[in-house]
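Sharing a structure below in C-alpha cells format, with a few things to ask.
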6 protein chains.
Amino acid sequence: MWIYEKSLERPVKISRPDPAFAKLVITQYGGPDGELSASLRYLNQRYSMPTDKAKALLTDVGTEELAHMEMIAALVYKLIEGADPKDMEAAGWGGQYAQHNHGLFWTDANGVPWSAKYIACLGDPITDLAENMAAEQKARTTYEHLIDLTDDPCVKDTLRFLWQREVVHFQRFGECLNDVQEHMSKMNTWCGYEMRK
Amino acid sequence: MWIYEKSLERPVKISRPDPAFAKLVITQYGGPDGELSASLRYLNQRYSMPTDKAKALLTDVGTEELAHMEMIAALVYKLIEGADPKDMEAAGWGGQYAQHNHGLFWTDANGVPWSAKYIACLGDPITDLAENMAAEQKARTTYEHLIDLTDDPCVKDTLRFLWQREVVHFQRFGECLNDVQEHMSKMNTWCGYEMRK
Amino acid sequence: MWIYEKSLERPVKISRPDPAFAKLVITQYGGPDGELSASLRYLNQRYSMPTDKAKALLTDVGTEELAHMEMIAALVYKLIEGADPKDMEAAGWGGQYAQHNHGLFWTDANGVPWSAKYIACLGDPITDLAENMAAEQKARTTYEHLIDLTDDPCVKDTLRFLWQREVVHFQRFGECLNDVQEHMSKMNTWCGYEMRK
Amino acid sequence: MWIYEKSLERPVKISRPDPAFAKLVITQYGGPDGELSASLRYLNQRYSMPTDKAKALLTDVGTEELAHMEMIAALVYKLIEGADPKDMEAAGWGGQYAQHNHGLFWTDANGVPWSAKYIACLGDPITDLAENMAAEQKARTTYEHLIDLTDDPCVKDTLRFLWQREVVHFQRFGECLNDVQEHMSKMNTWCGYEMRK
Amino acid sequence: MWIYEKSLERPVKISRPDPAFAKLVITQYGGPDGELSASLRYLNQRYSMPTDKAKALLTDVGTEELAHMEMIAALVYKLIEGADPKDMEAAGWGGQYAQHNHGLFWTDANGVPWSAKYIACLGDPITDLAENMAAEQKARTTYEHLIDLTDDPCVKDTLRFLWQREVVHFQRFGECLNDVQEHMSKMNTWCGYEMRK
Amino acid sequence: MWIYEKSLERPVKISRPDPAFAKLVITQYGGPDGELSASLRYLNQRYSMPTDKAKALLTDVGTEELAHMEMIAALVYKLIEGADPKDMEAAGWGGQYAQHNHGLFWTDANGVPWSAKYIACLGDPITDLAENMAAEQKARTTYEHLIDLTDDPCVKDTLRFLWQREVVHFQRFGECLNDVQEHMSKMNTWCGYEMRK
C-alpha cells in the first residue's frame, strides 16, 4: 500500500502560463510514453519477477513514476492557470476547454485517451525488463522533444530533471536484467532464454 | 508523492487456486469499474477542486484505491498460482496464458485493455463528485456480482471488505458534495449550478 | 419502435457560419458526454429497471436525447455550410475536411471516435440511475463550457435550451431514484443496497 | 425528432432461455455489423445527401434499424431471463454477469465495446451509399452465421425476419445509388465521380 | 511471401516542405480509409475466397497497396524534411514532434492510431467484395479531399496517381464480384445469397 | 515496393484441425506482440534511421515479418478447416463464427482488434532499436507460451521455427544498435544520448 506525502518529489515552477505548451506536455501525463504508462507498467509486472530484488526495484521505480505523474499534473495545471476560453482556443486547445475546462485528463498531445494497449507484461522477467528498458528510452526521448518545444527556463529545468530520472531508471533496469539473468540457471543464450519442447 | 509500505491494506487469502474466477475478478483490476479506474479518476480530479478539504479527500481515497488495486492483483496472482497451461485453458483463460502467462494485465473479464474512456473529469466540482458517487455505486455493484460468482469463503471475505470500502467512499463523496455546494456561493438550484450568459 | 417526425424538437439558428466552433460543439454529438452517449445509455438500461415507470422514463428521456442529437447535427452542419477547404483548415479543422468533407461524424472535439466505453450499465437500478444523474451533470457542464466558447447569440440560445433540458432530466432521474428505492424493499442503507452473502 | 411507440416492430419469441446464444447474438446489438452500427451510420449520413429522396431513405432505414436494435435487445434479454450466475458462467458468459448482471451492453460477441470506428461517412453520396450497401451485406451475413448457431425455431424466425429486412435495405440503397448518380450531372464513370484538378 | 524491391511504385516529388499538409495526408497512411486499411483488408480476406482468380486479385491489390503505403510514407517524410520544432508547431503538428519527432506513425489526421475496427472480413466472398468496393470509394474520396487541400502541383500529381489506382481497383473488384457470383451456383438474388434454414 | 512470391517462407503443416488452438495462436496474427505488430513497427521506422545499413535491416526484417504473418494466417486457416458452427462453439470460438465464419481477422486471443497503440516510433534511432529488441523478446515469449499450449508436433514445429527467427532478429537489432551508436558521434552515455539544452 502507499502513503501519500503532501509534497512534490521536486517543486515545479513556470515563468508564465503557456496553454499551447500544456497541450503538448500532457503527453507525459496520459500519452503512450508518459508517466502513467511507466508507473502502471512497473507496478503491474512485480508479481511475476523471480527475485525479491527485482520486485523491490519495480515497486520502487513504479512508485517514483507516480510522483512524476504528479509533477506533470502540477506543471500542466500551472501552465493553464488563469487561461480563459479564448486563451485556450488561441492555443489550439479549445477541445480541452470544451470537454474538461481546467480539469486534467489522461490523454496524449492529440487528445487520445490513455490505453493499456501502450504497455506490456509477458510474465517473463527477461522480456519484461527489456520492455522496461525500451520504455525508459521512449520516455527519455519524449522529454527531449518537449525540451525542444519550450523556451521557458523553469519548464526546461523540470523536464531535464525528469529526463535525468529516466536515464537512471534505464540503468537500474539494465543492472536488474543482469541480476535476473544470473539468477536464472537456464541460460542457453546471452539473453537467457531457452528452446521450448 | 507516495511512499510505499510493504504490506497490503488487508491480507488476501484464498482457499484454493481458481483460474476461472481469476478471469472474472480481474475486471476489478483493469475493467471499467475497477480499482484502477477509481484511483486514476480521483487522483486526476484533485486539481480542479475548490477546497482543500475536497482535494484532501480525493487524494486520500485515490491513494486507498491504489492499495485496493494491489489487493486485487495479489488475489488474482494467488488464484492462478501453480496453474499450468492446460489448467488455464480449461478455465477458459488460455488467452491469458498465451499473452501473459502468469503475468497480470489491466483488462476486464473479457480481455479488453483498460482505457481512460471509462472515467471523466469535467473540471466542475459538483459534476466530478457526482461522477465519483456513481463510480462508487458501479464498483459496489461489480463486487456484488463477483461475490455471487464464487463459493470460496476467503475470497468472499476479501470482496466484502472491498465492497464495504466502496460504500464508505460513496458516503464520503456525498458529504464532500454537500460541503462543496455550501462553499460555492453561486447556487441557483440545489445541485449548485447556474445559467451561463 | 420509433416513428420519425420531420421537424426538430426546437428550430436551430445561427448568425453566421463558424467552422472553428463546429469543431468544438461536435463533442456534444459524438464526444464522451454528448447526446449519443446520453441516448444510448438510457435506451440500453431500460431492460433491467424494476418498475414500468422507470422503464418509461428511460425510454422517454432516451428518445428525447435522440432529438437533441439531431439538433446538434443540424447545428454543426449549418456552422460549416459553405466553408471551403481553406476555411476548414484555417479553423483548425482540416482533418474533418480530409476525412469527411461536410459529412458529419461521431467524434469528440479532438476527432476521437465515439466508444461505448464512455457509458455504463450495471444492471442494478440504483447504480444505473446514479450513472445517469452523473451523466446529466457532465452534459450540463459541457454545455456551459461551449456557451463560454461562442459569441453567437443564436448558437447560445440553442445551447441554453439543451442545457436546460439536461437540468430537467437530472431532476427527473433523481425523482425516479427515490421511486425505485421505495419500490425495493431490501433497503439497508439510504442508497438501497445490501450486503451479499 | 422521434416518437416512441410502445411495441416492437415484430414480436420476439424464444423457445427457452439460452445464455450461450445470447452471448453470440449480442454482436447484432453492439458488434461491428449490428443494428447500432446500421442505425448510426444512416442517421448520420443524411446531412450530406444531395436529394430529398435520399435523405428520406436514410432517415427511414436508420429509424427502422433503431427498431431492430430494440428487437435484438428484447431477444438477448429473454435469452438470459432467469439465468443465475452459475448458468451464465456455464454458458461462457461469466464476464457479462460480473460486469453487467442482466443489464445489456453494446458489445460484440467477445465483449469488445462498440466503436464509431466501425462506420464511415465521407460526405460523398456515391461513396456513402456504397458503404451502406456493403454494410447491409455484412449484417445479412452475420445473421446467416447466427442462424447456423441456434437450433431454436423461434429464434431462427426472428433472425430470418431481420435477415430479410437487410436484403430489402440493400436493394433500396442500390436504387437510391442509381437515383443519386442520375441526379449528379458530373458523371465521368459509371460510379459517378470525376478527376479533381 | 514478399520480396522487397528498392524503388517506389512511382517516384514521389514535392515542390517545398509543408508540414501542415503532412498532418492531413497522413490519414492515407494510418487513417480509416488509407493504404494500410486497404492492404490489410485485402491480404487478410484471401483465405476465404472461393476461386484462385479471386485469391490472386486480393493478393495482387493488397500487395500494390503496400507500395502505395510506402509512397505516402515517402511523401509525408519529405513534407516535414528540415522542419524544426517551431515549424511543426506553427503547422499545428506540435503533437507529432512531441511524440514522434520526424518519425512516422500510423494515425489519421487527428492523431488517432490505426485500428483494425476500420476494416472487415465476414468470410463471405460476396460480402467481402462489397466491403472492398466501398473501401475503394472511400479511399478515392479521401484523395479528392486531399487534392482540394494542397496547391503543390507535385503533390497533386502523386495524389492523382493514387486516386486513379483506387478507381482501377474498384473496377477490378466489381469484375471479380461478377466472376464470384457466376461461380457460386446458389444464386437466389442478383447479389448471390440465399435464405438459411 | 514489394513483389509477391507464391509460396510460404516455410510450409505450414498440422496433424489435425484444432479450432481451440486457432483461437489462441491468432494472437500472433493480430495481437499485441504478433507478426503484424512486428512488420508494421519496422517498416514504419525505416524513415528516421540514420544509416543505410539500419534502413536496410528494418526493411529486411519488416518484410520477413510479413511472410511470418502469412504463415500464421495459413496455420489458423488450416486449424479451423472443416470446422462447423458447433465445432467452433465447442472450441470456445463461437464469436469467431458469428462475426467472421472461416474468414480471418486481426485480433488477439480475446477477440480485441489490432491497434497501432501496440507499437511505437519515436524518431530516435537508439530508442526505436530498443523498442524493437523488446518487441522481439515479447514475440519470442508469446511463441513459448503457445508451444506450451499445443500437443500437435507439426504445429510445434512451425512455432519453433518462428521462435527461432525472433531470436535471430533480436540479435540483428542488437548488432544494429551497436553500429548506430558508433555512427552517432554525440555519445555522452553508453546508450548514446545527450542532455538537451
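About the Cα centre of segment E:19-194, what is the dipole size in debye to 20, counting +1 per Lys and Arg Cβ and -1 per Asp and Glu Cβ, all else neutral?
Computed about the Cα centre, the dipole is about 220 debye.
What helices does chain B have that are whole DSSP H segments, at least 24 Å long along their own axis by Cα, and with mean Kyte-Doolittle hydropathy of 0.0 or more?
Those that pass (Cα extent of 24 Å or more, hydropathy at least 0.0) are B:52-79.
If you don't mind, another one. Test of understanding: in a Gaussian network model of chain A with alpha carbons linked when under 10 Å, which of A:ASP124, A:ASP108, A:ASP33 would top the mean-square fluctuation ranking?
Comparing A:ASP124, A:ASP108, A:ASP33 in a Gaussian network model of chain A, the most mobile one is A:ASP124.
Could you tell me the extents of segment C:1-92's C-alpha atoms along the three principal axes, largest first, rounded to whole Å?
53, 27, 18 Å, listed from the longest principal axis down.
Still on this structure: Taking chain D as a Gaussian network, Cα atoms linked when under 10 Å apart, which of D:LYS86, D:LYS78, D:LYS23 shows the biggest mean-square fluctuation?
D:LYS86
Enumerate the lysines that A:LYS156 could reach by cross-link, defined here as Cα to Cα under 25 Å, with residues fewer than 8 away along the same chain left out.
A:LYS6, A:LYS13, A:LYS23, A:LYS78, A:LYS138, E:LYS86, F:LYS186, F:LYS197
How big is Rg to Rh over segment C:19-194, alpha-carbon atoms, Rh as the Kirkwood inverse-mean-distance radius?
That ratio equals 1.06.
Ok, one more. How far is C:ALA56 from itself in the other copies, in nm, if each label sits 7 Å out from Cα along the Cα-Cβ line, shortest first?
The projected label point of C:ALA56 is separated from its counterparts by 3.4, 4.8, 6.7, 6.7, 7.9 nm.
Place the label 7 angstrom along Cα→C-beta at C:ARG160 and in each other copy, then list the distances from the first to the rest in nm, shortest first.
Values, ascending and in nm: 5.3, 5.3, 5.5, 5.8, 7.7.
Across all directions of projection, what mean area in square nanometres is found for the Cα convex hull of segment B:39-138?
If you wrap the Cα atoms of segment B:39-138 in a convex hull and average its projections, you get 7.0 nm².
Take every Cα pair under 8 Å in segment B:1-110 that's 6+ residues apart, average their separations, divide by the length, and report that relative contact order as a whole percent.
40
Give a quick list of GluC sites (Glu not before Pro) in segment C:5-50 that DSSP marks as loop, anything other than H, G, I, E or B, with at most 16 other Cβ atoms within 10 Å.
Qualifying residues, ordered by number: C:GLU5.
Continuing with the same structure: Counting alpha carbon pairs within less than 8 Å and at least 6 residues apart, what relative contact order, in whole percent, applies to segment D:19-194?
Value for segment D:19-194: 28 percent.
Once amide H atoms are placed 1.01 Å from N in the peptide plane, what residues at a sequence separation of 5 or more from B:TRP2, or on another chain, have their amide H within under 5 Å of its amide H?
A:GLU5, A:ALA67
What is the Cα centroid distance between segment D:12-66 and segment D:155-175, reported in whole angstrom?
Using only Cα atoms to place each centre, the spacing works out to 11 Å.
OK, next. With the Cα gyration tensor of the protein assembly as shown giving a ≥ b ≥ c as the square roots of its eigenvalues, does the rule (a/c under 1.5 for rounded; else a/b larger than b/c for prolate; else oblate) give rounded, prolate or oblate? Can you show the working numbers first?
Details: a/c = 1.11, a/b = 1.00, b/c = 1.11.
Verdict is rounded for the protein assembly as shown.
Now for a separate question. At 7 Å along Cα-to-Cβ for each site, give me the label-to-label distance between B:ARG160 and E:GLU5 in nm.
With each label placed 7 Å out from Cα toward Cβ, I get 7.3 nm.
Every number in this text was worked out from the coordinates using simple rules, so none of it is lab data. Computed from a prediction, not measured in an experiment: that's the story for all the values here. Cβ coordinates were reconstructed from backbone atoms using ideal geometry, including for glycine residues, and neighbour counts include every protein chain displayed.
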